[in-house]
Amino acid sequence: MALVVGVVWLVDWFRGRLPGESYDLDPACAGKVYDDAAPYTGAAPHPVVAFSENEAGVLDFEWPLITERPVTDDVQLVACARLASEEPSGPTCGYHAPAMQVPIVVATYQVTVYELRTGRAMRTFTLQGKDTECPSFLYEGFDEGRLVSRLTDEQWRKALAPLVDENR
């Protein structure tokens with residue numbers, strides 16, 4: 001019985017139903033496909049959501065401003081940016097509560113864009129995060145010792161435009 005439950009869970013995880021919110025699509029970065037997702041066909045635009053890995057290894061939701069924030073049912077593509085390398089050449093951020101100095105490292109990301117419905121990798125490329133602005137606060141429990149530079153909205157737009165704006 002446990003084997004059947006386990007197999008059903010695995011099938012459900014890998015081939016699931018769309019969540020209610022587009023910020024819950026991060027499992028697509030780990031290979032989950034959504035059978036009920038919109039196919040990557042037809043005329044542009046092709047709605048996309050993006051996630052980028054932070055200094056703690058967690059994927060943050062980034063919906064780039066290419067088009068209006070897509071409704072989950074309309075999303076065709078998911079862009080996933082994973083930390084590939086870091087250079088300790090960014091600024092240092094000072095915080096008062098708690099009192100600490102935190103360096104920003106310049107991060108290079110490997111970005112893979114997946115078709116949400118099939119999990120097919122559409123394109124892979126690298127980008128160096130240009131946003132080295134200090135965040136106004138650190139998240140609760142921050143203990144990473146460094147912050148990573150982020151990809152800007154303009155970087156996302158430019159990199160994803162060929163997939164999002166092209167006519168198919």
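Suppose the filter is within 17 Å of VAL58 (Cβ to Cβ), loosely packed, with under 14 Cβ neighbours inside 10 Å and of a type in the set (Gly, Ala, Ser); does GLY129 pass it?
No; evaluated as a whole, the condition is false for this residue.
May I ask you to say which residue of ASP131, ASP153 is closer than 30 Å to GLY94 by Cβ and modelled with pLDDT of 95 or more? Steps first, please.
Details: ASP153 fails: modelled with pLDDT of 95 or more.
Only one candidate qualifies: ASP131.
Which condition does GLY57 not pass, out of (1) within 13 Å of the chain's Cα centre (by Cα); (2) closer than 26 Å to GLY145 by Cβ; (3) surrounded by 19 or more Cβ atoms within 10 Å (Cβ to Cβ), if it passes all the others?
Going through the list (1) within 13 Å of the chain's Cα centre (by Cα); (2) closer than 26 Å to GLY145 by Cβ; (3) surrounded by 19 or more Cβ atoms within 10 Å (Cβ to Cβ), GLY57 breaks only (3).
Quick check on region 62-76. Is at least one of its residues within 25 Å of ALA28 (Cα to Cα), crowded, with 18+ Cβ neighbours inside 10 Å and modelled with pLDDT of 95 or more?
No: region 62-76 contains no residue that is within 25 Å of ALA28 (Cα to Cα), crowded, with 18+ Cβ neighbours inside 10 Å and modelled with pLDDT of 95 or more.
Please verify whether region 132-141 includes one or more residues that are within 16 Å of the chain's Cα centre (by Cα) and polar (S, T, N, Q).
No, because not a single residue in region 132-141 is within 16 Å of the chain's Cα centre (by Cα) and polar (S, T, N, Q).
Kindly establish whether VAL106 is of a type outside the set (Asp, Glu), buried (at least 18 other Cβ atoms within 10 Å of the Cβ), under 17 Å from GLU55 (Cβ atoms) and more than 16 Å from the chain's Cα centre (by Cα).
Taking the combined requirement at face value, the residue does not satisfy it.
Cβ-Cβ distance below 6 Å, separation of 6 or more or different chains: which pairs start in region 109-132 with a residue that is touching a residue at least 40 places away in the same chain (Cβ under 8 Å) and within 26 Å of LEU18 (Cβ to Cβ) and end on one that is assigned to a loop (DSSP other than H, G, I, E, B) and among the hydroxyl-bearing types (Ser, Thr, Tyr)?
Note: pairs meeting the criteria are GLU115/TYR40.
Any idea which of TYR109, TYR114, TYR95, TYR40 is aromatic (Phe, Trp, Tyr), touching a helix residue (DSSP H, G or I) at 6+ places or on another chain (Cβ under 7 Å) and on the phi < 0 side of the Ramachandran plot?
TYR114
Looking at region 135-156, can you tell me whether even one residue there is touching a Cys at 6+ places or on another chain (Cβ under 6 Å) and not basic (Lys, Arg)?
Among the residues of region 135-156, not one is touching a Cys at 6+ places or on another chain (Cβ under 6 Å) and not basic (Lys, Arg), which makes the answer no.
The values are calculated or read from the model by the stated rules, or taken from the named source; none is laboratory data. The structure displayed is predicted, hence computed values, not measured ones. Cβ: placed from backbone, ideal geometry, glycine included. Neighbour counts: every protein chain shown.
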